[in-house]
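Here's the structure, in structure tokens; my notes come after.
Just so it is clear, none of the values below were taken in a lab; they were calculated from the coordinates. Nothing here was measured: the structure is a model prediction, and the numbers come from that model. Here the Cβ positions follow ideal geometry from the backbone for every residue, glycine too, while neighbour counts run over all protein chains shown.
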Amino acid sequence: MLERTVALAIMMASAATCSAQVLSYEAMPSRLCAGDSTTLRWHVRGNATLTAEPSISGLPNADAVDSARVSPMLTTVFTLAIQRSSKKFYARQEVVILDPNSPRTLVDIATPLGSDSIETILRLEPRIWDTKARVITVTARSGRPLAVTHDGRRVTLTDAAASNELQGTPLSGVWIIHAPLQPGEVMGDSLHPPPDRLRLVVQFSCGASPR
């Protein structure tokens with residue numbers, strides 16, 4: 001019985017070793033300003049090919065290297081196809097080209113902060129977001145005043161009014177959005193609850209990063 005168990009374990013390990021696998025695959029950044037470039041990195045087991053949709057000329061032989069610097073003009077999906085023995089596996093990374101003409105809406109679930117206010121914290125990872133994406137204005141869109149803290153700065157917004165006090169800060173980073181309860185709102189009261197989400201609209205540009 002022990003011999004059969006050991007033999008089965010060896011067969012399973014051998015099958016896993018022979019299978020095509022993607023051990024890691026990432027694009028940094030994957031939210032990109034037009035004209036900039038991103039680095040694709042991968043670690044695979046098997047024979048790999050790299051393709052792009054829409055197509056991009058000059059993609060490297062994925063078997064010969066484990067990274068590539070690419071500059072897509074449009075939002076593009078980069079696909080790794082890995083084959084080993086009879087096994088095939090696919091992994092995809094989408095690189096999104098940011099559109100400064102479309103303001104970014106930051107919205108997330110609001111949680112109680114004490115008994116008289118609510119707060120939401122959003123994290124836009126710098127490794128994902130292009131550092132050239134910079135704030136122009138922020139606008140409260142939650143039907144109430146908001147206090148916003150970002151990149152070491154704090155601004156208080158009346159609802160629907162734009163402010164340029166965060167201008168020049170990176171779009172990436174930690175955004176803390178805080179709001180006091182309005183008259184009549186009671187934490188935990190199903191008849192008079194505060195909103196379950198807070199919303200902030202960020203107009204940004206894709207200018208040069210500061211040195």
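Points to keep in mind about this one:
- In this entry, the stretch 104-206 is assigned a mean projected area of 6.3 nm², taken as a quarter of its C-alpha convex hull surface.
- Helix-only CD estimate at 222 nm, as mean residue ellipticity for the chain, using -39500 (n - 2.57) per DSSP H run (n ≥ 4): -2500 deg cm²/dmol
- Packing-based order for 111-124, 135-148, 24-37, using average beta carbon neighbours within 10 Å, highest first: 135-148, 24-37, 111-124
- Ellipsoid equivalent to the chain - semi-axes via the Cα gyration tensor, in Å: 45, 26, 12
- Tyr90 versus Asp189: modelled label distance in nm, points set 7 Å from Cα along the beta carbon direction: 5.4
- Translational diffusion coefficient of the stretch 153-211 (Stokes-Einstein, Kirkwood radius from Cα pairs, 37 °C, 0.692 mPa s): 228 µm²/s.
- Nonlocal amide H pairs with His192, under 5 Å, H built at 1.01 Å: Val186
- In the chain, the longest principal axis of the Cα atoms and the axis of helix 2-18 are about 70 degrees apart.
- Interchain or long-range residues, amide H under 5 Å from Asp99's placed H: none
- Across the stretch 120-211, Cα pairs under 8 Å and at least six residues apart give a relative contact order of 40 percent.
- Here the spin labels are modelled as points 7 Å beyond Cα on the Cα-Cβ line, and at Ser102 and Thr158 they lie 3.2 nm apart.
- Estimated vicinal HN-Hα couplings, Hz - the stretch 94-106 in sequence order (Karplus 6.51, -1.76, 1.60; Gly, Pro = x): 9, 9, 9, 7, 6, 10, x, 7, 10, x, 8, 9, 9
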